[in-house]
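Asker: Quick one: structure below, then a few questions.
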Amino acid sequence: MNKLYVDSFVEKKIKRGIQLLDGRDFHQLDFDNQSVAVYNHSHQFLGTAYLSRQNKGIGWFLGPRKIELTESYFVDLFTKAKKQRQNFENSDLTTAYRLFNQDGDNFGGVTIDRYADFVVFSWYNMFIYQHRDVIINAFQKVYPAIKGGYEKIRFKGLDYESAHIYGQEAPASFTILENGVKYSVFMNDGLMTGIFLDQHDVRDALINELGLGKRVLNMFSYTAAFSVAAAMGGATETTSVDLAKRSRELSQAHFEANGLDLSNHHFVVMDVFEYFKYAKRKQLTFDLIVIDPPSFARNKKQTFSVAKDYHRLISQALEVMSENGTIIASTNAANLTVAQFKKQLEKGFASVKHDYVRLQQLPSDFTVNKADVNSNYLKVFTIKVKK
């Protein structure tokens, strides 16, 4: 095993509990895709890490001891993670949730999501991908009842994104339950599955509290899961807007799974900024507006970055908001702190009076590394507008 020497700055981060190794903290690395023994410049052993470049970071610190990535090591990790999620496993109302969440469960580079009888492994770097057989075997020992597994490749370098990897194959689409609501999902069609599981709690609030009697506008709606939750919560009308042509059929599948009449639920394939202009022209107004954009997006006319442009979404939403309406403002940008996100929101509200009702972050199955603020990437503000 090669030795990785780190400076005092990185040593402090490791001792503070941060597991992600940031490439900006290392000037030159001569090796990649391997386990390393980590030492400080006084030649004191700090623990074990692995190096492998991915979308964020260049590797992960695994712990302050010598660690070998054996099957029994992963069995232990998965057993501990399973115990933390007993309330989900015992639930009759929710059958889709995260089983393993990177550094929140003390091993970065892999997530595992359950969708009823099937699971999806997401590999974030080549090193983890190369160890996937050991990881899958260990997982099957801890979860023998799972019928089949799929994988998603979330790093560059391979010629495929998604594949079936063990057990039974799932139907092309099937329904899962979340908070008693049905959603139509698919296991092997690109990187997406039809629902973002990290938004459990926000959808729950739409069902049990926020949706009743509301006209809802859902921007960047993907498969309109927020709209379905609002409709199940008693929303009188929903409008779901997304630029992807396929969003309409995927959205309708969720509504149909719950036996909802589509006559008051609209699906619009359009750029969200264009839709805001259209709604204003037509004098449409909404009681509740959900805004959950990707961190970064580009179309033919413009680019969008949460860190720089979110305020534009707020200011335009206010122009089509009914009196005393509510905005649900969401972002999954890990590089944006809660304070920075709030600053974007404040810029959008300008002089319009508003109250922050609550901040929701990741649900309990998405365990976080409490030492690393970036681990808790989701930020969702519910905001009451006074106009």
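The values are calculated or read from the model by the stated rules, or taken from the named source; none is laboratory data. This structure is a prediction, so every number in the text was calculated from the model and none was measured. Counting neighbours? That spans all protein chains shown, and the Cβs are built from the backbone with ideal geometry, glycine included. The accessibility values were calculated without ligands, DNA or RNA, using every heavy atom of the protein model including side chains. Shrake-Rupley method; radii C 1.70, N 1.55, O 1.52, S 1.80 Å.
Asker: Within the group Asn33, Asn55, Asn2, which residue is within 27 Å of the chain's Cα centre (by Cα), exposed (fewer than 15 other Cβ atoms within 10 Å of the Cβ) and within 28 Å of Asn137 (Cα to Cα)? Break it down stepwise before answering.
Answerer: On the way: Asn33 fails: exposed (fewer than 15 other Cβ atoms within 10 Å of the Cβ); Asn2 fails: within 27 Å of the chain's Cα centre (by Cα).
Selected residue: Asn55, the only one of Asn33, Asn55, Asn2 that is within 27 Å of the chain's Cα centre (by Cα), exposed (fewer than 15 other Cβ atoms within 10 Å of the Cβ) and within 28 Å of Asn137 (Cα to Cα).
Asker: Kindly establish whether Phe118 is crowded, with 23+ Cβ neighbours inside 10 Å, closer than 19 Å to Glu178 by Cα and in contact (Cβ under 8 Å) with a residue 60 or more places away in the chain. Before you say what the answer is, go through the steps one by one.
Answerer: Working: crowded, with 23+ Cβ neighbours inside 10 Å: yes; closer than 19 Å to Glu178 by Cα: yes; in contact (Cβ under 8 Å) with a residue 60 or more places away in the chain: yes.
Yes, satisfied.
Asker: Given the criterion within 22 Å of Asp372 (Cβ to Cβ), open to solvent by 40 Å² or more (accessible area, probe 1.4 Å) and either assigned by the TED database to the domain that holds Ala145 or not charged (D, E, K, R) (or both), identify the matching residue among Ser8, Ser72, Ser42. Break it down into steps so the answer makes sense when it comes.
Answerer: Values: Ser72 fails: within 22 Å of Asp372 (Cβ to Cβ); Ser42 fails: within 22 Å of Asp372 (Cβ to Cβ).
Sole residue among the options that is within 22 Å of Asp372 (Cβ to Cβ), open to solvent by 40 Å² or more (accessible area, probe 1.4 Å) and either assigned by the TED database to the domain that holds Ala145 or not charged (D, E, K, R) (or both): Ser8.
Asker: Considering each of Gln316, Gln283, Gln302 in turn, give the residue that is modelled with pLDDT of 95 or more, within 26 Å of the chain's Cα centre (by Cα), open to solvent by 10 Å² or more (accessible area, probe 1.4 Å) and not assigned by the TED database to the domain that holds Asp22. Give the steps one after another, and end with the answer.
Answerer: On the way: Gln283 fails: within 26 Å of the chain's Cα centre (by Cα); Gln302 fails: modelled with pLDDT of 95 or more.
The unique qualifying residue is Gln316.
Asker: Here is a follow-up. If only one of Leu212, Leu217 is part of a loop (DSSP other than H, G, I, E, B), farther than 19 Å from Ser364 by Cα, in the same structural domain as Arg358 (by the TED database) and not small (Gly, Ala, Ser), which one is it? Quick ask: steps written out before the conclusion?
Answerer: Details: Leu217 fails: part of a loop (DSSP other than H, G, I, E, B).
Just a single option satisfies the conditions, and that option is Leu212.
Asker: What pairs come up if the first residue lies in the stretch 369-385 and is of a type in the set (Asp, Glu), the second is not in a loop (DSSP other than H, G, I, E, B), and their beta carbons are under 7 Å apart, counting only those six or more places apart or on different chains?
Answerer: What qualifies is Asp372/Leu20; Asp372/Asp103.
Asker: Another one. Taking Thr326, is it assigned by the TED database to the domain that holds Ala307, at pLDDT 95 or above and of a type outside the set (Lys, Arg)?
Answerer: Details: assigned by the TED database to the domain that holds Ala307: yes; at pLDDT 95 or above: yes; of a type outside the set (Lys, Arg): yes.
So Thr326 passes the test.
Asker: Follow-up question, since we're still on this one. Of everything in the stretch 28-66, what is of a type in the set (Val, Ile, Thr) and in a strand (DSSP E or B)? Give them in sequence order. Even if it seems obvious, please write down each step before you answer.
Answerer: Just the residues of the stretch 28-66 that are of a type in the set (Val, Ile, Thr), to begin with: 36, 38, 48, 58.
Listed by number, the residues that qualify are Val36, Val38, Thr48.
Asker: Go over the candidates Glu249, Glu323 one by one and state the one that is acidic (Asp, Glu), open to solvent by 40 Å² or more (accessible area, probe 1.4 Å) and touching a residue at least 24 places away in the same chain (Cβ under 8 Å). Let's see the steps before the verdict.
Answerer: Numbers: Glu249 fails: touching a residue at least 24 places away in the same chain (Cβ under 8 Å).
Glu323 is the lone residue from the list that is acidic (Asp, Glu), open to solvent by 40 Å² or more (accessible area, probe 1.4 Å) and touching a residue at least 24 places away in the same chain (Cβ under 8 Å).
Asker: So which strands (runs of 3 or more DSSP E) are wholly in the stretch 271-313 and hold at least 1 residues that are touching a helix residue (DSSP H, G or I) at 6+ places or on another chain (Cβ under 7 Å) and among the β-branched types (Val, Ile, Thr)? If you could, list the steps in order and put the result at the bottom.
Answerer: Details: elements: 286-291, 296-298, 303-305.
Fully inside the stretch 271-313 and qualifying: 286-291.
Asker: Scan the stretch 330-387 for residues that are of a type in the set (D, E, K, R), closer than 19 Å to Leu313 by Cβ and buried (at least 19 other Cβ atoms within 10 Å of the Cβ) and report the count.
Answerer: Final tally of qualifying residues: 1.
Asker: When the residues of the stretch 71-102 are filtered to those that are β-branched (Val, Ile, Thr) and in a loop (DSSP other than H, G, I, E, B), which remaining residue is nearest to Phe121 (Cα to Cα)?
Answerer: Residues of the stretch 71-102 β-branched (Val, Ile, Thr): 75, 79, 94-95.
If we keep only those that are in a loop (DSSP other than H, G, I, E, B) as well, we get 94-95.
On the way: Thr94: 19, Thr95: 16 Å.
Checking each candidate, the answer is Thr95.
Asker: Hey, can you tell me all the residues within the stretch 105-147 that are part of a loop (DSSP other than H, G, I, E, B) and among the aromatic types (Phe, Trp, Tyr)? Please lay out each step first, then the result.
Answerer: Pass one, the stretch 105-147, residues part of a loop (DSSP other than H, G, I, E, B): 106-109, 116-117, 124-125, 131, 143-147.
Those that are part of a loop (DSSP other than H, G, I, E, B) and among the aromatic types (Phe, Trp, Tyr): Phe107, Tyr124, Tyr143.
Asker: Can you tell me which residues in the stretch 135-156 are open to solvent by less than 10 Å² (accessible area, probe 1.4 Å) and over 24 Å from the mean Cα position of the chain (by Cα)?
Answerer: Scanning the stretch 135-156 gives a single hit, Ala138.
Asker: Right, something else. In the stretch 173-191, which residue that is open to solvent by less than 10 Å² (accessible area, probe 1.4 Å) and not aromatic (Phe, Trp, Tyr) is nearest to Asp117 (Cα to Cα)? Full working, then the answer.
Answerer: Here is the first cut: in the stretch 173-191, the ones open to solvent by less than 10 Å² (accessible area, probe 1.4 Å) are 176, 178, 181, 183, 185, 187.
If we keep only those that are not aromatic (Phe, Trp, Tyr) as well, we get 176, 178, 181, 185, 187.
Values: Ile176: 9, Glu178: 14, Val181: 17, Val185: 12, Met187: 11 Å.
Ranking the qualifying residues of the stretch 173-191, first place goes to Ile176.
Asker: Also, quick follow-up: Which one of Ala170, Ala163 is part of a strand (DSSP E or B) and over 26 Å from Gln316 (Cα atoms)? Please lay out each step first, then the result.
Answerer: On the way: Ala170 fails: part of a strand (DSSP E or B).
Within the list Ala170, Ala163, the selection yields Ala163.
Yes or no, residue by residue, for (1) surrounded by fewer than 22 Cβ atoms within 10 Å (Cβ to Cβ); (2) under 22 Å from Asp189 (Cα atoms):
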site	(1), (2)
Leu93	yes, no
Asp103	no, no
Gly108	no, no
Tyr124	no, yes
Gln130	yes, no
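Asker: Might you let me know whether the stretch 197-204 holds any residue that is closer than 20 Å to Arg98 by Cβ, of a type in the set (S, T, N, Q), touching a residue at least 24 places away in the same chain (Cβ under 8 Å) and open to solvent by less than 20 Å² (accessible area, probe 1.4 Å)? Before you say what the answer is, go through the steps one by one.
Answerer: Of all residues in the stretch 197-204, those closer than 20 Å to Arg98 by Cβ come to 197-204.
Still in the list and also of a type in the set (S, T, N, Q): 199.
Pick out the ones that are also touching a residue at least 24 places away in the same chain (Cβ under 8 Å) and you get 199.
After this cut, where a residue has to be open to solvent by less than 20 Å² (accessible area, probe 1.4 Å) as well, the list is 199.
The answer is yes; a qualifying residue exists.
Asker: Given the conditions (1) assigned to a strand (DSSP E or B); (2) closer than 26 Å to Gln86 by Cβ, which single one is not true for Thr382?
Answerer: (2)
Asker: Still on this structure, I have one more. Against the definition (surrounded by fewer than 15 Cβ atoms within 10 Å (Cβ to Cβ) and either in a loop (DSSP other than H, G, I, E, B) or basic (Lys, Arg) (or both)), how does Gly194 come out, yes or no?
Answerer: On the way: surrounded by fewer than 15 Cβ atoms within 10 Å (Cβ to Cβ): no; either in a loop (DSSP other than H, G, I, E, B) or basic (Lys, Arg) (or both): yes.
The answer is no for Gly194.
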